[in-house]
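**Q** I'd like to ask you about the structure that follows.
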Amino acid sequence: AVQKAKIDLENCMLLAPLRSALVSFGQTQVVATSCTIQGAGVHGICARGDCRIIVRDCSITGSAVRAVYAYANASVVLERTVVSGTIRSDMAAIEVANHDSTTTHNENGNDDSFKLSGRKDCAKSQEKSSSLVTNRCRVTDNAGTGVRLRGNISWNETGSIFENNQGGNVQVLENSEDVALHGD
């Protein structure tokens with residue numbers, strides 16, 4: 001777990017941790033490059049509070065609950081990262097949430113036919129929010145939903161592949177506030 005610090009990980013293997021493999025709480029920055037996270041007992045990556053996790057060219061596979069969970073104003077950037085094989089069908093492989101959740105529904109919520117091409121943005125107007133960036137990632141073959149967005153969040157997606165996720169590929173829940181998809 002990292003708190004109030006900056007840490008860089010490169011070419012690491014985090015295999016079968018009993019809980020979450022990489023945990024960040026508040027005023028923290030974690031950069032993971034070319035790492036493997038496999039078989040996490042809970043989450044591959046868990047981020048809470050005003051923290052930023054940047055994951056590049058990594059593989060997060062076989063997590064018991066979620067590959068990535070960010071909430072309470074956490075920011076996660078995933079670039080050229082593979083997320084697959086999460087085990088729980090009632091959880092999303094990648095979930096971004098926030099405590100603020102007065103909301104309107106997005107027309108693409110829970111739509112298995114959602115296709116991404118080019119750049120898409122799910123944007124929020126409030127200053128403090130959790131956020132997700134996915135850039136040329138591959139989110140496939142998970143037991144639950146590929147990506148779930150809840151609450152006061154923003155998402156910037158460029159060129160990723162979301163497929164074969166048993167709970168659907170992208171889900172924007174009813175309580176996601178003012179989320180809208182915008183394409184280039």
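**Q** Residues that are assigned to a loop (DSSP other than H, G, I, E, B) and modelled with pLDDT of 50 or more: does segment 106-124 have at least one?
**A** Within segment 106-124, not a single residue is assigned to a loop (DSSP other than H, G, I, E, B) and modelled with pLDDT of 50 or more.
**Q** Another question, then. What number of residues within segment 131-173 satisfy the criterion of being farther than 14 Å from Ser84 by Cα, not in a strand (DSSP E or B) and not aliphatic (A, V, I, L, M)?
**A** 4
**Q** Sort through Arg56, Arg88 and tell me the only one that's more than 17 Å from Glu157 (Cα to Cα), out of contact with any helix residue (DSSP H, G or I) (no Cβ under 7 Å at 6 or more places or on another chain) and at pLDDT 95 or above.
**A** Sole residue among the options that is more than 17 Å from Glu157 (Cα to Cα), out of contact with any helix residue (DSSP H, G or I) (no Cβ under 7 Å at 6 or more places or on another chain) and at pLDDT 95 or above: Arg88.
**Q** Is there any pair with a first residue in segment 57-84 that is of a type in the set (Asp, Glu) and a second that is in a loop (DSSP other than H, G, I, E, B) and open to solvent by less than 30 Å² (accessible area, probe 1.4 Å) whose Cβ atoms are under 8 Å apart and which are 6 or more apart or on different chains, and what are they?
**A** Asp57/Thr81; Glu79/Cys137
**Q** Sort out which residues of segment 13-35 are more than 16 Å from the chain's Cα centre (by Cα) and under 14 Å from Thr81 (Cα atoms), and write them in order of number.
**A** Hits for segment 13-35 are Thr33, Ser34, Cys35.
The values are calculated or read from the model by the stated rules, or taken from the named source; none is laboratory data. Keep in mind that what you see is a predicted model, and the values were worked out from it rather than measured. Every residue, glycine among them, receives a Cβ derived from its backbone with ideal geometry; neighbour counts consider all protein chains shown. Surface accessibility is based on the protein's heavy atoms, side chains included, excluding ligands, DNA and RNA. Shrake-Rupley method; radii C 1.70, N 1.55, O 1.52, S 1.80 Å.
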